[in-house]
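One structure below.
Each reported figure results from applying straightforward, stated rules to the coordinates on display, with no laboratory input. These numbers were taken from a predicted model, which means no experiment stands behind them. All Cβ positions, even for glycine, are placed from backbone atoms using ideal geometry, and neighbour counts span all protein chains on display.
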Amino acid sequence: MAVLVTGGAGYIGSHTVRRLREAGVDTVVLDTLERGSREALLGAPLVVGSIADEALVTEVCREHDVTAVVHFAAHKSVGDSMVDPGPYWTNNVQGTVHLIEGMLAAGVRNIVFSSSAAVYGSPEQVPITEGAPIRPENVYAETKAMMERVIDWYGTTSGLRWASLRYFNAAGASTDSVIGEDWSSTTNLVPLVMRAALTDVGPVDVFGTDFDTPDGSGVRDYIHVEDLAEAHLAALRYLEADGENLTVNLGTGNGTSVLEILAMTAEIHGAEVPHRISGRRLGDPATVYADSTLAGRTLGWTATRGLREIISSAYAWYRQG
Ligand SMILES: NC(=O)c1ccc[n+]([C@@H]2O[C@H](COP(=O)([O-])OP(=O)(O)OC[C@H]3O[C@@H](n4cnc5c(N)ncnc54)[C@H](O)[C@@H]3O)[C@@H](O)[C@H]2O)c1
């Protein structure tokens, strides 16, 4: 028996594969390796291929006696999705249809899906509950909302059983510095701050210090990647125990500002992080953080790591080069 992890060689996927294996769950990863890396799998079985290859998905499910899928594989750049949307509709939405058809053909019915807080767009109210309106503001977010709908419909038509996990901002690296996020092509704040602190790339931009927030900079909900990994294990167990289909937020329930991230990094680094104050980006909301009580109630999961663990684990990971 095994869990098929699509996109398992990527950032969140590799931490999840590691956590599942530690918990005694066998995994097999399906990844194109267009991002992510074989090394991040730490020896877990890997099939190099795409979720769009339905026959391959069925074959892998049969060969490895797969009982559930954790579905990370997707394109995830908001900016790219607005410049070149085609691959986002194809890979994310159509790819998910192929994946589900392939797994159902092998009799696999349980899926844990990587959704995103981006489906909410700019929230009217914080903390954001799962009942908030779904209002994607870019193509990437729209594909995540559509993937959720596709999965939900397969529940109705084909008995698919699912948990859609809406992540807020994943950040940090493994506590032992063995795996972490590749900073070469990321647009995420924490790796950009680390790069500004640890290389001569120049200052990191702070987009807006005139928001209606305590220090004027944007506030988001940063969740440690190892906490996210733990939530996937909890979601798999929940489905195994016949839990109802479920959509849950995964966040800490706390907002952290850009300037607080810079201050925590400066404390750990022992020096100021080069940064420059720039204007707000179009459409950036002031404050986004999760109401995560539903995840606690249904999955028995809460985030256990805070900002210090996020920044210190990321710092240690990037510093080793
Ligand atoms: N990083 C975040 O803060 C965040 C927040 C919300 C949601 N998510 C979602 O979580 C998932 C994982 O994010 P990540 O940060 O680990 O991204 P990542 O880019 O590091 O990992 C994605 C992996 O999927 C693989 N992949 C892409 N298309 C594939 C395909 N067709 N078939 C097989 N493999 C394919 C890539 O090679 C990569 O290894 C994504 O679906 C993303 O949208 C991430």
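Observations
- Distance between the 7 Å Cα→Cβ label points at D200 and V178: 3.5 nm.
- Rh (Kirkwood; distinct C-alpha pairs) - region 1-127, Å: 15.0
- Exposed GluC sites (Glu not before Pro) absent: longest stretch of the chain, with sites in DSSP loops and at most 14 other Cβ within 10 Å deemed exposed: 125-243
- Fraction of the pair-distance distribution of region 202-321 above 17 Å, Cα-Cα pairs, percent: 63
- Ellipticity at 222 nm from helices only: DSSP H runs of n ≥ 4 in the chain, each -39500 (n - 2.57), divided by the residue count, give -11000 deg cm²/dmol.
- Beta bridge orientation in region 47-167: antiparallel %, DSSP, nearest 5: 0
- Label sites at E137 and L42, each approximated as a point 7 angstrom past Cα along Cα to Cβ, lie 3.7 nm apart.
- Scattering curve values for the chain, log₁₀ I(q)/I(0), Debye with Cα scatterers, q = 0.08, 0.10, 0.11 Å⁻¹: -0.34, -0.54, -0.66
- Net lengthening on full extension, R280/M1 (0.36 nm per residue, minus Cα-Cα): 95.5 nm
- Residues D80 and R319, FRET efficiency given R0 of 35 Å [Cβ-Cβ distance, rounded to 0.05]: 0.75
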